[in-house]
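**Student:** Have a look at the structure that comes next, please.
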Amino acid sequence: MPSMNALPPTSKSSPDGSVKKAPVLHWGFFVLWLLLLPVAHAEGQPPAAAIASAHPAASKAGMEILQAGGNAFDAAVTVSAVLAVVEPYSSGLGGGGFWLLHRASDGKEVMIDGRETAPLAATRDMYLDSRGQPVARASIDGPLAAGIPGTVAALAHISKHYGRLPLKQSLLPAIRLAKEGFAVNEHYRRMAAFRIDALRASKSAAQQFLKAGEVPPLGHIIRQNDLANTLQTIAEQGRQGFYAGKLAQQMVQAVRTHGGIWSEKDLLAYQVRERKPLVGHYRGWRVVSAALPSSGGVVLLEMLNMLALRDIDSMAEADRIHYLVEVMRRAYRDRARWLGDADFVDIPLKRLLSKEYARQLFASISMQKATPSQSLAGFKPAGRDTTHFSILDKQGNRVAATLSINYPFGSGFVAAGTGVLLNDEMDDFSIKPGVANVYGLVGAEANAIEPGKRMLSSMSPTFLDSEHGVAILGTPGGSRIITMVLLGLLQAVEGNTVGQWVSQPRFHHQYLPDEIQVEPGAFSEKLQQELKQRGHRLSIKERPWGNMQALYWNRKDNEVEVASDPRGGGLAIKSAK
Ligand code: GLY
C-alpha cells in the first residue's frame with residue numbers, strides 16, 4: 001500500500017547532533033565514493049520486476065524476456081507484439097499507440113509517439129457526401145478508415161534506442177504465438193460479434209478471425225500464419241520490412257483495391273516522434289503523462305490543477321462527486337475546443353495548464369448546482385477499444401503504454417497475404433469540425449483532417465513519482481480513459497492498494513452528452529438523489545468499462561504491488577525478489 005509518510009531525509013546528521021566539518025575531498029575519498037556508488041544506486045532499485053497487461057500470454061512473454069536479460073523496454077516490445085497477436089480487437093501491427101518510458105540510468109523520460117497519421121491523399125471532407133453530410137460508417141469500416149500505422153516503427157525505435165536485446169529476440173514470443181495460435185475466450189466472442197459485419201466484409205479478416213463466417217466457439221484456436229510471416233520479416237529487416245518492399249506493396253495494393261487511399265509514399269514517410277511528456281504536480285506527487293497528440297496529459301493535468309484548489313478528502317460524498325464531475329466537464333470542454341496535433345495547429349498549452357486558468361475555471365463552479373454544458377462550448381471524445389500495459393524492471397526502468405486500433409477489430413479489414421488488421425483511427429479526427437459525426441460526437445477545427453496529421457487521442461499512459469514511491473498506470477476505454485486515470489491516480493495519492501485503483505467503481509463526465517455516466521452499482525440511491533437535486537442527469541450504464549493495468553513500487557517498504565483490472569481477463573505478475 002502506498003504510504004503517505006515521508007521518507008527520512010537522505011542527508012544524515014551526526015549521531016551527537018554536532019555539525020561536522022566538510023570532509024576534504026582527496027583521491028582516497030573519491031575512490032571510496034566510486035566503490036560505494038553501485039550500492040547507493042542499488043538502494044534506488046525495486047526488489048522485483050512486475051508486468052500488468054490485458055492478456056496472460058503477453059504478461060508471461062514480457063517476463064520471459066526480462067528473465068532472458070532484457071530490460072523493461074525490450075519487454076514492452078514483446079508485450080506489444082504479443083498483444084497484437086492475442087488481442088486483435090484491441091491493438092496490433094496495423095494500429096498505433098503511445099509508449100511512455102522512464103530510463104533509470106539517467107532519469108530520461110520520453111513518450112514514443114507511434115500514433116497513426118492521415119494518408120497524404122486524405123482531405124478534410126473525405127467522409128462527407130456531396131451535401132456535406134457524414135457518410136455512415138465511412139470512417140469506421142474498411143480500409144478508407146485506416147490511418148498509416150505507427151506500431152511497427154515505434155517497436156523498432158524502442159528496441160534500437162532503449163532496449164538491450166535484438167528486435168529479433170523480442171519478437172520471438174509473438175511469432176511463436178501467431179503460429180501456434182491462441183484459444184478464443186468470451187471477450188473475443190463478444191468483440192467479434194460486435195464487429196461481425198465488418199469482419200465478414202473482408203475475406204482475409206473473415207478467414208483469420210471467424211469460423212465459416214461466424215463467431216468462433218469458445219476454445220477455438222486462432223492461428224495466424226500470415227501474421228507470423230509478417231512478424232518474421234520485421235524481426236529480420238526491422239521497420240523497413242514493414243514500411244518498404246513486398247509487405248508495403250501488398251498492404252497498399254489491398255487497401256486501394258478496396259476503396260482506400262494509401263500509397264507506398266505514405267508508408268515510407270511515416271515517422272515515429274519522441275515527445276516530451278507533460279509534467280504536473282498534485283499533492284506532493286509528480287505526474288508524468290501523455291503529450292499531444294494525445295489529449296490525455298492535458299486533460300488530466302487541467303483536472304488536477306482544479307482539484308488541487310479544494311480539499312476533496314474532507315468533502316461529503318455527494319460534494320466530492322459533484323466537484324469531480326464539474327472538473328471533468330470543464331477539462332473535456334477544453335479538449336473539444338482546443339486540442340489537436342500540435343505539429344499542425346497552435347494550441348494554447350501554457351494557458352490551459354496554468355494555475356491561473358485553473359483558478360478561473362474553479363471560480364465558475366457552483367457547489368450547489370450543476371453547470372449546464374451548453375453554457376460552456378465544443379467537444380470530441382474517442383473510440384471503444386484499445387489496450388494498456390505497465391512494466392517495471394529491477395533496474396527501475398518503467399513503461400506505461402496504451403495502444404489501439406480504435407474500434408474492436410479496427411476497420412475489420414485485413415490486407416490479403418499480410419495478416420495485418422488495419423485500424424480505423426481516422427474516426428478519431430473530427431470528420432466535420434463543429435458538427436456531430438455518425439456517433440453523435442462533435443469535434444473542433446484543431447482536430448480536422450489534414451494529410452500527414454495525427455488524430456487526437458485520449459490514450460493516457462501515466463507515471464506518478466514521489467519520495468513515497470512510483471506508480472505506473474493506464475487503461476483502454478475511449479473518451480473515458482482520462483477520467484479513469486484520474487480516479488486511479490486519486491486512489492494512489494490517497495494511499496489505497498493497487499487492487500483498489502483498478503477495481504473501484506467508475507463514473508465519468510465528458511461535457512457532452514451532459515450526463516454523468518455511472519457504472520452499474522457505483523452510486524447508491526441516496527447519492528443519485530443528491531446529485532439529481534443539484535441538476536445532474538445520470539446515465540447508469542449496463543456494463544462496466546475500462547481494463548486498467550497498474551503497479552506501484554513502494555520506495556519506503558521497498559515492495560512492488562501489481563494489479564490487473566478485474567473487469568478484464570488480464571494478468572499481473574511479479575518476478576522473484
Ligand atoms: N482510439 C482511441 C484513442 O486514441 O483515444
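No lab work stands behind these numbers, since they all come straight from the coordinates. What you are looking at is a predicted structure, and each value in this text was computed from that prediction instead of being measured. In this analysis, Cβ positions are derived from the backbone assuming ideal geometry, glycine residues included, and neighbour counts consider all displayed protein chains.
**Student:** Hey, can you grab everything whose amide H is under 5 Å from the amide H of Ser458? Only 5+ residues off in sequence or another chain; H modelled, so Pro and N-termini drop out.
**Tutor:** HN-HN under 5 Å from Ser458: Ser295.
**Student:** Sticking with this structure for a sec: What is the spread of the Cα atoms of region 239-319 along each of their three principal axes, largest first, in whole Å?
**Tutor:** 62, 27, 14
**Student:** Still on this structure: Local charge sum around Leu218 (other residues, Cβ-Cβ under 12 Å, Lys/Arg +1, Asp/Glu -1)?
**Tutor:** Spelling it out: positives minus negatives among the neighbours equals +2.
**Student:** Calculate how large, on average over all directions, the projected area of the Cα convex hull of region 525-577 is; give the answer in nm² to one decimal.
**Tutor:** Averaged projected hull area, Cα only: 6.6 nm².
**Student:** Follow-up. Show which lysines lie in cross-link reach of Lys350 when reach means a straight Cα distance below 16 angstrom and same-chain residues fewer than eight apart are skipped.
**Tutor:** Lys276
**Student:** Relative contact order, percent, of region 54-124 when contacts are C-alpha pairs under 8 Å separated by at least 6 residues?
**Tutor:** In percent, rounded to a whole number, it is 21.
**Student:** Here is the link list: Lys203/Lys246; Lys60/Lys574; Lys108/Lys355; Lys265/Lys453; Lys108/Lys556. Which ones come out longer than 18 Å on Cα distance?
**Tutor:** Result: Lys203/Lys246; Lys108/Lys355; Lys108/Lys556 exceed 18 Å.
**Student:** I've got another one for you. Work through the residues other than Leu167 whose Cβ is under 10 Å from its Cβ and net out their charges, Lys, Arg +1 and Asp, Glu -1.
**Tutor:** Charge balance in the 10 Å sphere: +1.
**Student:** Here's another thing I want to ask about it. Among the complete DSSP H segments of the chain, which ones combine at least 15 Å of alpha-carbon extent along their axis with a mean Kyte-Doolittle hydropathy of 1.6 or more?
**Tutor:** 27-42, 72-86, 296-307, 481-494
**Student:** Next question, about the same structure. Hey, with R₀ at 60 Å, roughly what FRET efficiency would Asp343 and Ile540 work out to, going by the Cβ-Cβ distance, to 0.05?
**Tutor:** 0.90
**Student:** If you don't mind, another one. Counting other beta carbons within 10 Å of each residue's own, what order do His161, His55 fall into, fewest first?
**Tutor:** His161, His55
**Student:** Tell me whether region 447-577 comes out rounded, prolate or oblate; compute the Cα gyration tensor, take square roots of the eigenvalues as a ≥ b ≥ c, and use a/c under 1.5 as the rounded threshold.
**Tutor:** oblate
**Student:** Moving on to the next point. For the residues Ile175, Ile481, Ile472, what sequence is obtained by ranking on other C-beta atoms within 10 Å, fewest first? List each step's numbers first, then the result.
**Tutor:** Details: Ile175 21, Ile481 34, Ile472 30.
Ascending number of Cβ neighbours within 10 Å: Ile175, Ile472, Ile481.
**Student:** Once the Cβ-Cβ distance between Ala193 and Lys355 is put in as r, and R0 is 45 Å, what FRET efficiency do you end up with, to the nearest 0.05?
**Tutor:** Values: r = 48 Å, r/R0 = 1.06.
Efficiency, rounded to the nearest 0.05: 0.40.
**Student:** Semi-axes of the equivalent ellipsoid for the chain, please: Cα gyration tensor eigenvalues, times 5, square-rooted, ordered largest first, whole Å.
**Tutor:** Ellipsoid half-lengths, sorted descending, are 37, 32, 22 Å.
**Student:** Taking other Cβ within 10 Å of each residue's Cβ, how do Phe242, Phe413 sort, fewest first?
**Tutor:** The most exposed by this proxy come first: Phe242, Phe413.
**Student:** Sticking with this structure for a sec: With an 8 Å cut-off on Cα pairs and a minimum separation of 6 or more residues, tell me the relative contact order of region 256-296 in percent.
**Tutor:** Value for region 256-296: 24 percent.
**Student:** Skipping prolines and chain starts, which residues have an amide H placed within reach, meaning under 5 Å, of the one on Ile516, given they are 5 or more residues away or on another chain?
**Tutor:** Distant-sequence amide H within range of Ile516: Arg537, Leu538, Ser539.
**Student:** Continuing with this model, one more query. Would region 137-265 count as rounded, prolate or oblate if I go by the C-alpha gyration tensor, calling it rounded below 1.5 in a/c and otherwise prolate when a/b exceeds b/c, oblate otherwise?
**Tutor:** Note, shape of region 137-265 comes out oblate.
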